[in-house]
1. Would you say Arg66 is basic (Lys, Arg), touching a His at 6+ places or on another chain (Cβ under 8 Å), closer than 30 Å to Gln109 by Cβ and at pLDDT 75 or above?
2. Tally the residues that are modelled with pLDDT under 60 and in a loop (DSSP other than H, G, I, E, B), restricting the search to region 1-44.
3. Scan (1) modelled with pLDDT of 90 or more; (2) surrounded by 10 or more Cβ atoms within 10 Å (Cβ to Cβ) for the single condition Leu77 breaks and write down its number.
Amino acid sequence: MIKYKTMKTKIAIAMIIFSFAFVSGTLKAQCKDDRNDHNRYEDRIREGYRHGDLDGREAMQLKIQRERFEAAKQMALSDGKLSRREKEELKRMRKEMQMDMWQQKHDRQKRRF
């Protein structure tokens with residue numbers, strides 16, 4: 001068994017362990033947020049279709065737009081870094097998706113049952 005000589009050593013080891021636990025928890029939360037964001041968008045499309053706010057063509061267009069966003073995100077992250085330009089482009093694409101979703105759900109066109 002390792003004997004620790006000072007209290008400073010014990011504190012340093014505890015801080016290192018805490019740091020690793022914090023970083024791993026943060027990374028897991030970030031991955032979970034990405035999945036939740038994707039699921040929320042899919043749920044909104046499904047809900048809009050079910051309530052008649054979206055017709056089949058509109059729902060398909062929104063899903064394709066989401067797939068293009070995911071592909072662009074994967075390409076941006078392929079080198080392991082996200083540059084400022086890439087962040088801005090993804091932010092613009094996300095905002096455009098949200099605006100398109102809102103416009104499609106609130107247009108006067110309704111799905112016929």
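The values are calculated or read from the model by the stated rules, or taken from the named source; none is laboratory data. Just so you know, these numbers come straight off a predicted model, no measurement behind them. All Cβ positions, even for glycine, are placed from backbone atoms using ideal geometry, and neighbour counts span all protein chains on display.
1. So Arg66 passes the test.
2. 4
3. Condition not satisfied by Leu77: (1).
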